[in-house]
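Worksheet for the structure shown next.
The values are calculated or read from the model by the stated rules, or taken from the named source; none is laboratory data. Everything quoted here is computed from the prediction, not taken from an experiment. Cβ: placed from backbone, ideal geometry, glycine included. Neighbour counts: every protein chain shown. In case anyone asks, the SASA skips ligands and DNA or RNA and just uses the protein heavy atoms, side chains included. Shrake-Rupley method; radii C 1.70, N 1.55, O 1.52, S 1.80 Å.
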Amino acid sequence: MQNIQAGVFGPIRIGGLRLPSNVLMAPLAGYTCHPFRMLAYELGAGLCFTEMCSANALKYNDRATKRLLLSTEDEPFRAVQLLGGNPAVMEQTAKSELLKDFDIIDINMGCPVPNVFKSGEGSALMLEPKRAAAIIRGCKKSGKIVTVKCRVGIREDELFAAEFARVCEEAGADMITIHGRSRSMMYDGEPHRKEIEQAKAAVSIPVIANGGIFSVEDALKMMEDTGADGIMIARYGLEYPFIFSKLTGKTCGKTSYQILMEQIERTARSYEETFTLSYIKKIASYMMKKRKGTKRYKEKLHRSGNLTELREVIALIFADELE
C-alpha cells in the first residue's frame, strides 16, 4: 500500500531518534493509556504520548498519576507528557527513576483548562517565556529528548507562535508541536494555519501541526498550508484509528470489532476490571459515532457491568462486521 501522498507522510528524526512516520498521536487525558498507544503504533503512528502527567503529583508519588506511566518493553518509543510550572520540580521529575525508561519528555505548554491556566501551568507558560525556557533547560538535563506542545497564543488578538517557537528552540527543545487554536478558542474553531507556517519558518527544529484534523483531506491541507514536518492527530484518532493506516500506508486488515476485542484483552492484562470497563466504553463510544442505527445501544454499552456484557454489546454495535 502506498502512502496517501508520496513525500508528505514518512519517517522523521527527532533528536537522536528516527521515527517511522511523521503522523503522531496526541496525548489525551483518559484515552492514551498503554493499550491505545500500542494500537496507534500498530496502525502506523510514528509516536504516541502518555496522558498528561502532573510533575507535582509524581513528586508526591500520587498513585493514580503513576499509573499513567504504565508501559512495556514492546512499546516502540516511550514518550511521557509532563505538566508543571515549577522549573525545579520539572527538572527533578525528568531526572527521576520514574521516567528512566522513557525516551522523550513532552512538556505541556498548551492546556487551556481554567484550573491549569490559573495555576501557571499549561498554556499559561506561553505568557512567561523565561520560565518556559527554564523548564525546557531543566528537563534537558535528564539527557532525554525534550519536546514542547503549545498553542498559537492566548487570545485571538495576540498570536505569537513563531516567537514562542524560537524561545523553545533556543532553550534546547528538540521538537515543537503547535495546536493551531489560541487558548481562548479551547477546542473549537478553525485553526490558525498561518501561525504554524510562520513558526515553521522561524526555527530549524521539527514543527508538528495539530488541531482540526478530522479527515485525510484535513491532514493533507494542514501539511500543505503550514509546511510542517508532520501532523498530530487528536480526537479523530479515537473515532477513526484507521486514519494512521490511511496516511502512512501501513496495512491493517482488522475491523473495528476486532480492534475493540483486542483492546479489551490488552487492557485487562494490565489494569483492573473497573478501569478496563471505563476505558473500553469511552473508546467504543467514539468508534460507534458515525455508525447508523447504533445509538440505541449506547445506554446498554454504558450500563455494562462486566467484560462479558461489554463484549456482547460491542458485538451488537458492530454486528455488520460479523456477518
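Structure notes:
- In the list [x] 51, 20, 16; [y] 32, 23, 18; [z] 35, 20, 19, the label attached to semi-axes √(5λ) of the Cα gyration tensor in Å as derived from the coordinates here is [y].
- Accessible area, probe 1.4 Å, largest first, for residues F77, F9: F77, F9
- For the chain, built as a Gaussian network whose Cα springs stay under 10 Å, the top-fluctuating residue of L159, L17, L247: L17
- Rounded accessible area per residue of the stretch 6-118, 1.4 Å, Å²: 39
- Net charge dipole size for the stretch 1-135 [Lys, Arg +1 and Asp, Glu -1 on Cβ; Debye, nearest 20]: 280
- Each label was represented as a point 7 Å from its Cα along the Cα-to-Cβ direction; for A315 and E262 these points are 2.0 nm apart.
- Gaussian network model of the chain, Cα within-10 Å springs - most flexible of G189, G138, G230: G189
- One chain, two ends: S204 and A29. Fully extended at 0.36 nm per residue, the span grows by 60.0 nm beyond their Cα-Cα distance.
- Computed lengthening from K118 to R63, 0.36 nm per intervening residue step minus Cα-Cα distance: 17.4 nm
- In degrees, nearest ten, helix 34-43 long axis to first principal axis of the chain (Cα): 90
- A helix-only calculation puts the chain at -12000 deg cm²/dmol for mean residue ellipticity at 222 nm, using -39500 (n - 2.57) for each DSSP H run of at least four residues, averaged over all residues.
- When the C-alpha to C-alpha distance is required to be over 21 Å, the pairs from K254/K300; K149/K194; K66/K144; K246/K289; K200/K221 that qualify are K254/K300.
- Two-site FRET efficiency, E97 against S270, from Cβ-Cβ distance with R₀ of 22 Å, rounded to 0.05: 0.60
- Close amide H pairs (under 5 Å, H built 1.01 Å from N) link G10 with N22, residues at least 5 positions away or on another chain.
- Remark: the stretch 171-262 carries 36 Å² of accessible area per residue (probe radius 1.4 Å; ligands, DNA and RNA excluded).
- Shape class of the stretch 175-246 from the alpha-carbon gyration tensor: oblate, with a/c at 1.5 or above and b/c at least as large as a/b.
- Between the listed residues I107, L127, V146, the Cα displaced farthest toward the positive end of the dipole of the stretch 67-155, a dipole computed from Cβ unit charges relative to the Cα centre, is found at L127.
- Most positive-pole-ward Cα, G189, V23, H34, against dipole of the chain from beta carbon charges: H34
- Max mean-square fluctuation residue, GNM over the chain, Cα-Cα springs under 10 Å, options C252, C48, C150: C252
- Surface listing: T251, T32 arranged by accessible area from highest to lowest gives T251, T32, probe 1.4 Å.
- The apolar share of the surface of the stretch 193-294, taken as the fraction of accessible area on carbon and sulfur atoms (1.4 Å probe, ligands and nucleic acids excluded), comes to 48 percent.
- Evaluating 6.51 cos²θ - 1.76 cosθ + 1.60 at θ = phi - 60° for every residue in the stretch 210-226, the Karplus couplings come out as 9, x, x, 9, 10, 5, 4, 4, 4, 5, 5, 5, 4, 5, 5, 6, 9 Hz, glycine and proline recorded as x.
- Computed over the chain: relative contact order in percent, which uses C-alpha pairs under 8 Å that are six or more apart: 16
- With each label modelled as a point 7 angstrom along the Cα→C-beta vector, the K194-V8 pair spans 2.3 nm.
- Helix 256-270 and the long axis of the chain differ in direction by around 70°, with both axes built from C-alpha atoms.
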